[in-house]
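First comes the structure, then the notes that go with it.
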There are 2 protein chains.
Amino acid sequence: MDSKRIALDVMGGDAAPAATLDGAVRACDPTGDLRMAPERLLLVGDERVIAEGLEQRGGNPGFAIQHAAQVIEMGESPAQALRAKPDSSIARCVGAVKQSAAGALVSMGNTGAVVGASTLGLGSLEGVRRPGIAVTLDLTGHPVTLLDMGANIAPKPQHLVQYGVMGAAYVEACLGTADPRVGLLNIGEEASKGTDLLKAANDQLTASPVRFLGNLEGGDIFENKVDVVVADGFTGNVVLKLLEGFAGFLLMLVLRELKAHKVQWSEEALARVKKNIDYSEYGGALLLGVDGIVVIGHGRSDARAVANALGQAARAMDAEVNEAIVKRLAETTTRA
Amino acid sequence: MDSKRIALDVMGGDAAPAATLDGAVRACDPTGDLRMAPERLLLVGDERVIAEGLEQRGGNPGFAIQHAAQVIEMGESPAQALRAKPDSSIARCVGAVKQSAAGALVSMGNTGAVVGASTLGLGSLEGVRRPGIAVTLDLTGHPVTLLDMGANIAPKPQHLVQYGVMGAAYVEACLGTADPRVGLLNIGEEASKGTDLLKAANDQLTASPVRFLGNLEGGDIFENKVDVVVADGFTGNVVLKLLEGFAGFLLMLVLRELKAHKVQWSEEALARVKKNIDYSEYGGALLLGVDGIVVIGHGRSDARAVANALGQAARAMDAEVNEAIVKRLAETTTRA
């Protein structure tokens, strides 16, 4: 039993198990950035696959291992898959946190399945009405955390208020942002703008203890106006996928023009531009509001992204982000 | 009386009246792309401002002029401003179309005021439940038309179906796209994804006569999957503003990296990249579904963008886009 442990879903993600095993080894590299103790990781998945994979990588440096006989594929319907595969690596990761064999779980697998299993299996933190998915973008050294990115696509105003509170608690505890600024993603700056949902949320956020700066338009995300952007899960999810697609499209255009002008440009410079909208720089998406630390990586995660996600889980645990969320929400309830 | 005339709101936009007057002159330049007959334009605004402005530009080449004593500013509340300023240039443009002194209006002014005045003043085309704002992006020569971009932020499913029909009629008539492909902006490809609104809209679009390819995720917009993207007006508006802000941010990063690497890159190459997401290349946003052609340009429009918007209005009129919309909607009602 070690509630400081991190359960890693070895079977989850497009490049699993190679990327997940490489990521675990990388996180524990004594010459790397993270230098985690191997004992802190609990590898969850097919024990033969894990054993063979570790053997190919020079042996098990000290990881704990838990067998899970089933794998939920990326394209499966989450609800059906969770019912049909009780011994999946995702379900076993959640089980490890539930039974306090770990304090956090990291999965690059089926997002819907991780959210569903975690929400049902771990339950909500005290005072939390609905968990939300938070993603942090590193916009030229000015991190912006957006939530909800799709856990709750038809929220109520009070859910959005809680996302503001949880997001602020997260960036303060884990990113060290003092007195974080919170904004609400909307179609205009005036408080009277938007749907009934957004008007009510603006009203309630104004009355909440968070430092609420009001409504934001889409373009404001990039202008260092706020540290936390609150969105309904539908809009948040559309926006996140749009940013990924648009960045790829624009950079393709830039490369084409550079080539047409016979301009030499290094891969390294391109990578630095991409880094700004690649949330795997910070690890993965955090499911905030459940009773445990849950990090959901991008399905396309490579070893570096897996290691970053493990590092993010460790930081969230060590910073006691969930304790901070519960405390902040208790203050919110009192003042509301 | 000339219903082929285009009423131009000379007072609207951040750079008015200089940009609007320059744009009108440019549209009629006998050596330019558009070569419109000056008689086709009806300049609407303060007649002294217009007269002085034209004098500075070598005299009136033959524009008709209609006086309007008031101006609605960009930041004013649309509903209040329309009530308080019955003699505004926006209201007079709408009046000109209503009285068949013009068949189209072009304004770079307060979007809400133009939408409000047009919707109330012109009424809807036969069969149209709610007008929608359509914007066309030129994605490397593959134009994509998105609607609604904010006329209707809390639509019903049947409104979204009509946006699909109107968008398809528009791109077929005005952009020459044969058998246009239509998609629905959502959070996943499966028909079961999204809010109740999106599920019902998916269902009804599938049964409609448009060539509906199903749900799209945000990133799909850039992948030449469809010609028309249907969105609810809230999401559409957030997305449009996000694209503008994000493009500026990413290109700033690119320029910074190029500079750091002492790479010379021409302004011209950058302009070609920007052109792909600059909808003023196609003119402005079209308010589809009202009884008249209404083009709303970006507030930041320069003379070129104003001229493009005038050209777009002329093309929409000449292509009889509204007749096409009425015809298509009648087919939709029959088959529904």
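The values are calculated or read from the model by the stated rules, or taken from the named source; none is laboratory data. Note that this is a predicted model, so its numbers are computed, not measured. Positions of Cβ are backbone-derived with ideal geometry, glycine not excepted, and every protein chain shown enters the neighbour counts.
Screening residue B:207 against (1) under 19 Å from residue B:156 (Cβ atoms); (2) touching a Pro at 6+ places or on another chain (Cβ under 9 Å); (3) surrounded by fewer than 22 Cβ atoms within 10 Å (Cβ to Cβ) leaves a single unmet condition, (2).
Looking across the range B:75-103, the residues that are in a loop (DSSP other than H, G, I, E, B) and of a type in the set (Gly, Ala, Ser) come down to B:75, B:77, B:100, B:101, B:102, B:103. Looking across the range A:251-294, the residues that are polar (S, T, N, Q) and not in a helix (DSSP H, G or I) come down to A:264, A:266, A:276.
Residue-wise test of (1) surrounded by fewer than 18 Cβ atoms within 10 Å (Cβ to Cβ); (2) out of contact with any Leu (no Cβ under 7 Å at 6 or more places or on another chain).
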residue: A:11; (1), (2): no, yes
residue: A:22; (1), (2): no, yes
residue: A:57; (1), (2): yes, no
residue: A:61; (1), (2): yes, yes
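Note on the range B:31-48: residues that are assigned to a loop (DSSP other than H, G, I, E, B) and more than 15 Å from residue B:310 (Cα to Cα) amount to 2. Close Cβ contacts (under 9 Å, 6 or more residues apart or on different chains) running from residues in the range A:206-231 that are of a type in the set (Lys, Arg) to residues that are assigned to a strand (DSSP E or B) comprise A:211/A:181; A:211/A:182; A:225/A:181; A:225/A:183; A:225/A:213; A:225/A:216. Is it true that some residue in the range A:76-97 is surrounded by fewer than 20 Cβ atoms within 10 Å (Cβ to Cβ), touching a residue at least 40 places away in the same chain (Cβ under 8 Å) and of a type outside the set (Phe, Trp, Tyr)? No, the range A:76-97 contains no residue that is surrounded by fewer than 20 Cβ atoms within 10 Å (Cβ to Cβ), touching a residue at least 40 places away in the same chain (Cβ under 8 Å) and of a type outside the set (Phe, Trp, Tyr). A search for C-beta distances below 9 Å between a residue of the range A:260-288 that is within 11 Å of chain B (Cβ to nearest Cβ) and any residue that is exposed (fewer than 15 other Cβ atoms within 10 Å of the Cβ) and modelled with pLDDT under 70, counting only pairs 6+ apart in sequence or on different chains, returns A:261/B:266.
Given the criteria more than 30 Å from residue B:90 (Cβ to Cβ), of a type in the set (A, V, I, L, M, F, W, C) and at the interface with chain A (Cβ under 8 Å from one of its Cβ atoms), does residue B:253 qualify? For residue B:253, the condition - more than 30 Å from residue B:90 (Cβ to Cβ), of a type in the set (A, V, I, L, M, F, W, C) and at the interface with chain A (Cβ under 8 Å from one of its Cβ atoms) - is met. Looking for something under 18 Å from the mean Cα position of the chain (by Cα), within 30 Å of residue A:224 (Cβ to Cβ) and away from every other protein chain (no Cβ under 14 Å) - is there at least one such residue anywhere in the range B:323-335? Looking for residues that are under 18 Å from the mean Cα position of the chain (by Cα), within 30 Å of residue A:224 (Cβ to Cβ) and away from every other protein chain (no Cβ under 14 Å), one finds none in the range B:323-335, hence no. Can you pull out the residues in the range A:3-26 that are in contact with an Asp or Glu (Cβ under 9 Å, 6 or more places away or on another chain) and under 13 Å from residue A:314 (Cα atoms)? Those that are in contact with an Asp or Glu (Cβ under 9 Å, 6 or more places away or on another chain) and under 13 Å from residue A:314 (Cα atoms): A:4, A:5.
When residues in the range A:153-186 are screened for being polar (S, T, N, Q), surrounded by fewer than 24 Cβ atoms within 10 Å (Cβ to Cβ) and touching a strand residue (DSSP E or B) at 6+ places or on another chain (Cβ under 9 Å), 1 of them pass. Residues in the range B:224-250 that are more than 7 Å from chain A (Cβ to nearest Cβ) and either surrounded by fewer than 19 Cβ atoms within 10 Å (Cβ to Cβ) or in a loop (DSSP other than H, G, I, E, B) (or both): 7 in all. Only residues that are among the acidic types (Asp, Glu) and under 22 Å from residue B:229 (Cα atoms) were counted across the range B:109-133, and they come to 0. The residues of the range A:221-256 that are out of contact with any Asp or Glu (no Cβ under 9 Å at 6 or more places or on another chain) and either modelled with pLDDT under 80 or among the basic types (Lys, Arg) (or both), listed by number, are A:225, A:256. Regarding the range B:186-200, can at least one residue be identified that is more than 23 Å from residue B:290 (Cα to Cα) and hydroxyl-bearing (Ser, Thr, Tyr)? Taking every residue of the range B:186-200 in turn, at least one turns out to be more than 23 Å from residue B:290 (Cα to Cα) and hydroxyl-bearing (Ser, Thr, Tyr).
Looking at B:64, B:91, just one residue is in contact with a helix residue (DSSP H, G or I) (Cβ under 8 Å, 6 or more places away or on another chain), more than 23 Å from residue B:37 (Cα to Cα) and not polar (S, T, N, Q), and that residue is B:91. Of the set (1) touching a helix residue (DSSP H, G or I) at 6+ places or on another chain (Cβ under 9 Å); (2) closer than 29 Å to residue B:250 by Cβ, all apply to residue A:216 but (1).
Of everything listed in (1) modelled with pLDDT under 95; (2) at negative phi; (3) surrounded by fewer than 15 Cβ atoms within 10 Å (Cβ to Cβ), the single unmet condition for residue A:262 is (2).
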